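Here the structure is laid out as structure tokens; the discussion comes afterwards.
Just so it is clear, none of the values below were taken in a lab; they were calculated from the coordinates. All values derive from a computational prediction rather than experimental measurement. We place every Cβ from the backbone using ideal geometry, glycine too, and count neighbours over all the protein chains shown.
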Amino acid sequence: MPELPEVETIARQLDAALAGGRLRAVEIRDARLRLASLARLNGCRIAQVRRYGKQLVLELIPPRRRRVALWLCVHLRMTGRLLWYPGRGDPAELRRARAVLTLDRGTLVFRDTRRFGTLTLRETLAEVLPAGVEPLSAALDAARLTKLLANSPTPLKTWLLRQDRLVGIGNIYASEICFAARLDPRRPAGGLSNGERARLLRAIRRVLTAAIRHCGTTFSDFQDSLGRTGGYVRYLKVYGRAGQPCRACGTPVERFVQQQRSTFRCPRCQPG
DNA sequence: ACCCTCCTGTCA
DNA sequence: TGACAGGAGGGT
């Protein structure tokens, strides 16, 4: 489900709701989730909630002596949700929860139909930080992007999905970014001209920033921490629009498969 | 670069 | 019934 804009939306909401709160209990209901040293979480204060790549990270301060922070990381993968209830929580959601975090001020429910999501506890920030560059950080400028792309034979859309160079871009925004940059997703990533790379960088920033502004995209079942859907779905130009007219030129949008995943492209706006 | 796998649900 | 779904790790 969630890519950078969706995870960012949840992180901002949860930071506002949870920061300063205290964990009273952490209950793992799905045995597939294995979380070491659960007991250490009880009584921890939540310093902040942040997004790193596609992960949601709760920075926890243990009570009393050991003041070294712990990092509780949630990766929602395809269908994960973190739902926040200021009170006890919706009983229907609680029944289907993979995990329930009880705070002094409310209940955080981890739901995840396909159960691909993960929950991990890290001891240091270094273990939390992703290898790739945050695409909306100052670290990603033209020079850095050029270096990252250098000589890569990988098709551009496939390249955008790899989390070891840029983090946070998934299948929806990879197609949308290629469209916004007017680049064929099958072009070798390392073969772009200076002008094309500049377009790509602008597209990455523009698409992700706009998607965050609209609280992400709900294509099928994304919900934020308050159970709301993402408004950017109205602004999708190509994703999920196979056969429908391109919003820019009217040419039917085409769908094809790269790496066993759907890619959408306007043949006229993104010539090969 | 391709293949498969983890899991469950929905749609044509 | 089979295709497909916003992710990612593994194998070849």
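Computed from point charges on the beta carbon alone (+1 for Lys and Arg, -1 for Asp and Glu), the dipole magnitude for the range A:142-265 about its Cα centre is near 340 Debye. Summing charges over neighbours of A:ILE10, with a neighbour being any other residue whose Cβ is under 10 Å away from its Cβ, gives -1 when K and R count +1 and D and E count -1. Hey, with R₀ at 35 Å, roughly what FRET efficiency would A:LEU129 and A:ARG64 work out to, going by the Cβ-Cβ distance, to 0.05? The computed FRET efficiency comes out at 0.80. Across all Cα atoms of the range A:1-123, the radius of gyration (one decimal) and Dmax (whole number) stand at 13.2, 39 Å.
Assuming charge only on the beta carbon of Lys and Arg (+1) and of Asp and Glu (-1), the dipole of chain A about its Cα centre is about 80 debye to the nearest 20. Taking the Cα centre of the range A:4-127 as reference, the dipole from Cβ charges on Lys and Arg (+1) and Asp and Glu (-1) amounts to some 320 debye. Remark: relative contact order (chain A) = 18 percent; criterion is Cα-Cα distance under 8 angstrom and separation of 6 or more residues. For chain A, the normalised intensity computed at q = 0.14 Å⁻¹ comes to -0.97 (log10 of I(q)/I(0), Debye sum over alpha carbons, equal scatterers, no solvent).
Here the extension length gained between A:SER137 and A:GLU27 equals 36.1 nm, from 0.36 nm per residue of separation less the Cα-Cα distance.
Calculate how steeply helix A:4-18 sits against the longest principal axis of the alpha-carbon atoms of chain A, using the helix alpha-carbon long axis, and give the answer as 0 to 90 degrees to the nearest 10. Helix A:4-18 sits at roughly 20 degrees to that axis.
What FRET efficiency do you get for A:THR154 and A:ARG213 if R0 is 35 Å and r is their Cβ-Cβ distance, rounded to the nearest 0.05? Working from the Cβ atoms, E equals 0.75. Computed from Cα positions, the angle between helix A:171-180 and the longest principal axis of chain A comes to roughly 40 degrees. Simple rule: put +1 on each Lys or Arg Cβ and -1 on each Asp or Glu Cβ in the range A:123-209, find the dipole, and look at A:LEU183, A:LEU166, A:ILE204; the Cα lying farthest toward the positive end is A:LEU183.
Between helix A:194-213 and chain A there is an angle of about 40 degrees, using the helix long axis and the longest principal axis of the Cα atoms.
Distance between the 7 Å Cα→Cβ label points at A:THR146 and A:GLN259: 2.5 nm.
Distance between the 7 Å Cα→Cβ label points at A:LEU38 and A:ALA248: 5.1 nm.
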